[in-house]
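None of the figures in this text is laboratory data; all of them are computed from the coordinates on show. As the structure is a computational prediction, the values presented were derived from the model and not from experiment. We place every Cβ from the backbone using ideal geometry, glycine too, and count neighbours over all the protein chains shown.
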């Protein structure tokens, strides 16, 4: 579907107001000033006519599709539009074939790119890499979770934020005054507070704001021969939107942060409170379960080794049960994490190991730990001296000669178990093994 050609046509009068009011230039675009304001990256792309592959990450209704259309127009590109929900490898190949035949550069807008499976992403990658296609992917999901690293490395990620209340009001005022595409010919008078109410109910979503405005304008009153949009008429229109959480600014991520920090602080009730607010406000429960997975290793760790498999089981249960019943499984996991003993020793150990290896770029694996699949490698000593743990007393090859550490580097300790929960037992086991090492080293 060629959206660039479609842009050249005036929208039909019976098209939804949100569609009719799509900006035709960046100067008409409302919001995202950090990206499209003067001397900002997407503004510079549009002015130069050179558009690079990118992923636009943000909540619904913030202008991702519109940005793609405006950038395509600015660069004189042929714009192809695919939805990852409907498109497969076949549709991607058809776009590639049309791009090869086109005399103009091809910009592919791929909506909901997070829904592409691995084979679909692999089919797309070489053509983005070669420059045949300039990719603009749109997603409401964290692309680092959903888009493979090869594709992600070839596209700059831009984060779009929910529109503020003032920006939503500006969008609606423009629709009310625009006589060609909007509602301006009706000369509707709007009571004080009406647009503020609609903006609040829209939760940062311009498409929703214009949809609510259009619906509200179907129920105007007649006063002295003029249409009036009154606040009294709004109750039934926006009532079912009142539970939406406020996405202005960083509120979406603040709720996820509140869930995480409540669990870390061992406050299960607070965690459930913010989870309920997040989900009832339209947040994706999978965003929560991803955060819980991180918490299981980062904040609970080996103090309760059951935590991580429990969260993974809750994730699986959610996918199997569906949203309504599955939410209970996520709550189950969150309560367990909040009540469980806490330890960040895994996180500390992993960071210490990474920092250490950065300082030791030439470390070598000891010869007795190396793989020896060929005779030549055996002759070079690979694998010689390796002690099979299951053949050792108590299943432990004791002694410093088998500490599995690079020979040229002094041994360092990354993992220091806490004295909390199951990790206390881990510490006891490690202390016992250290004692065995000392005894083995002292033996004649």
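With the contact rule set at Cα under 8 Å and sequence spacing of 6 or more, what percent relative contact order holds for segment 345-442?
After rounding, I find 30 percent.
Placing a label point 7 Å from the Cα of residue 440 along the Cα-to-Cβ line, no residue of segment 326-356 has its backbone N under 20 Å from it.
Taking 0.36 nm per residue of separation and subtracting the Cα-Cα distance, what length does fully extending residue 142 through residue 14 add? Each step should come with its number before you reach the end.
Details: separation 128, 0.36 × 128 = 46.08 nm, distance 3.52 nm.
Extra length available between residue 142 and residue 14 comes to 42.6 nm.
For 25, 215, the sequence from fewest to most other C-beta atoms within 10 Å is 25, 215. Springs between Cα atoms under 10 Å define the GNM used for the chain, and in it the highest mean-square fluctuation of 86, 172, 45 occurs at 86. With the cut-off at 1.5 for a/c, could you classify segment 251-339 from its C-alpha gyration tensor as rounded, prolate or oblate? Cα axes put segment 251-339 in the oblate bin. Given the choices (i) 248; (ii) 166; (iii) 210, volume of the Cα convex hull per residue in Å³ derived from the coordinates of this structure is entry (iii).
Fewest-first ordering of 218, 189 by other beta carbons within 10 Å of each residue's beta carbon gives 218, 189.
Computed from label points 7 Å out along Cα-Cβ, the spacing between residue 353 and residue 430 is 1.2 nm.
A simple spin-label model places the labels of residue 221 and residue 196 1.9 nm from each other, with each point 7 Å out along Cα-to-Cβ. Measuring nothing but how far apart in sequence close Cα pairs (under 8 Å, 6+ apart) lie, relative to its length, the chain scores a relative contact order of 11 percent.
Mean separation of Cα pairs under 8 Å and 6 or more residues apart, divided by the residue count, gives segment 3-159 a relative contact order of 28 percent.
Is the shape of segment 365-410 rounded, prolate or oblate, going by the alpha carbon gyration tensor and its root eigenvalues a ≥ b ≥ c, with a/c under 1.5 for rounded and a/b larger than b/c for prolate? Since a/c reaches 1.5 but b/c is at least a/b, the shape of segment 365-410 is classed as oblate.
Order these by the 10 Å Cβ neighbour count, fewest first: 412, 83, 53.
Values: 412 10, 83 15, 53 18.
Lowest count first: 412, 83, 53.
For the chain, modelled as a GNM with alpha-carbon contacts under 10 angstrom, which of 309, 417, 366 fluctuates the most? Highest fluctuation among the options: 366.
Largest GNM mean-square fluctuation across 228, 238, 365, computed for the chain with C-alpha springs under 10 Å, falls on 365. Here r is the Cβ-Cβ distance between residue 386 and residue 122 and R0 is 56 Å; the resulting FRET efficiency, rounded to 0.05, is 0.90.
Of all DSSP-defined beta bridges confined to the chain, some 15% are antiparallel rather than parallel. Based on the alpha-carbon gyration tensor of segment 3-159 and its eigenvalue square roots a ≥ b ≥ c, which shape applies: rounded if a/c is under 1.5, prolate if not and a/b is larger than b/c, or oblate? Cα axes put segment 3-159 in the rounded bin.
Using a simple spin-label model with pseudo-atoms 7 Å out from Cα toward Cβ, residue 400 and residue 25 lie 7.6 nm apart.
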